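Everything below concerns the one structure shown next.
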Amino acid sequence: MTVKVIYFAGIMFSLVLLTFQTQVIADITMEENTDRPGQDYKTFELDTPDPELCRDACAEDPNCQAYTYVKPGIQGAKARCWLKTAAPPSQSNNCCVSGMKVAQTDTLAPPTKGDDSVNSYCKNYADTAMKQINQRIDNKCEPIDPSEEMWKPDYDHHYNHCLAVEEDILDSINMMREQWLDVYCPKTESK
């Protein structure tokens with residue numbers, strides 16, 4: 001695989017909110033065989049090789065939004081924990097276990113009837129997502145894996161996701177889908 005393909009694969013994988021291999025414990029995910037490089041503000045060795053110690057350190061630190069536990073023998077004899085100020089894109093890598101703090105979506109109230117700006121934004125977000133997904137389907141590009149949340153062909157899924165996530169993250173997701181399409185599934189020219 002080329003570096004470009006690996007880079008895009010990592011970015012696309014990172015935008016999946018929860019995969020089948022992800023467990024949610026105490027509002028922090030634990031993603032096996034996943035690295036989240038970047039956004040580090042604190043690192044330390046662990047005397048006991050246990051990713052839960054790294055996850056717990058993140059849970060107890062209000063500045064921590066994500067973590068990466070590096071297995072022993074990768075960055076030294078002991079395991080290492082990296083705490084992060086934000087949740088960078090994840091990359092599949094058996095060196096590590098990573099995770100991020102997740103929002104409590106069940107505590108979010110739906111927009112009120114008069115909140116047209118939220119309704120309009122989420123409708124536009126879901127419409128854009130469906131156009132991008134349909135381009136991938138219509139052009140018969142790589143099949144969509146059911147675990148790829150960002151490519152799920154379900155308008156309601158994307159609208160509800162919009163209600164629970166900050167706009168800058170949603171804009172990034174749409175941009176990443178668009179970049180993936182530009183590289184791997186360009187629009188076909190109509191004749």
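Read-outs throughout are calculated quantities, based only on the coordinates presented, and are distinct from any laboratory measurement. Just so you know, these numbers come straight off a predicted model, no measurement behind them. Cβ coordinates were reconstructed from backbone atoms using ideal geometry, including for glycine residues, and neighbour counts include every protein chain displayed.
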Quiz item: HN-Hα J couplings of the range 45-55 from phi, Karplus 6.51/-1.76/1.60, θ = phi - 60°, integer Hz, Gly and Pro as x?
Solution: 7, 10, 5, 10, x, 9, x, 5, 5, 5, 4
Quiz item: For a paramagnetic label modelled at 7 Å from the Cα of Asn139 toward its Cβ, which residues of the range 165-187 fall within the zone defined by backbone nitrogen distances under 18 Å?
Solution: 173-187
Quiz item: Of Lys42/Lys123; Lys84/Lys131; Lys84/Lys123; Lys123/Lys187, which pairs sit farther than 27 Å apart, going by alpha carbon to alpha carbon?
Solution: Lys42/Lys123; Lys84/Lys131; Lys84/Lys123
Quiz item: Sorted by average packing, counted as other Cβ atoms within 10 angstrom per residue and highest first, what order do 56-69, 129-142, 74-87 take?
Solution: 56-69, 74-87, 129-142
Practice problem: Give me the net charge of Thr34's neighbourhood, meaning all other residues with Cβ under 14 Å from the Cβ of Thr34; Lys, Arg count +1, Asp, Glu -1. | Solution: +1
Exercise. Quote to one decimal, in nm, the extra length available between Ala86 and Asp171 on full extension: 0.36 nm per residue of separation minus the C-alpha distance between them.
Key: 29.0 nm
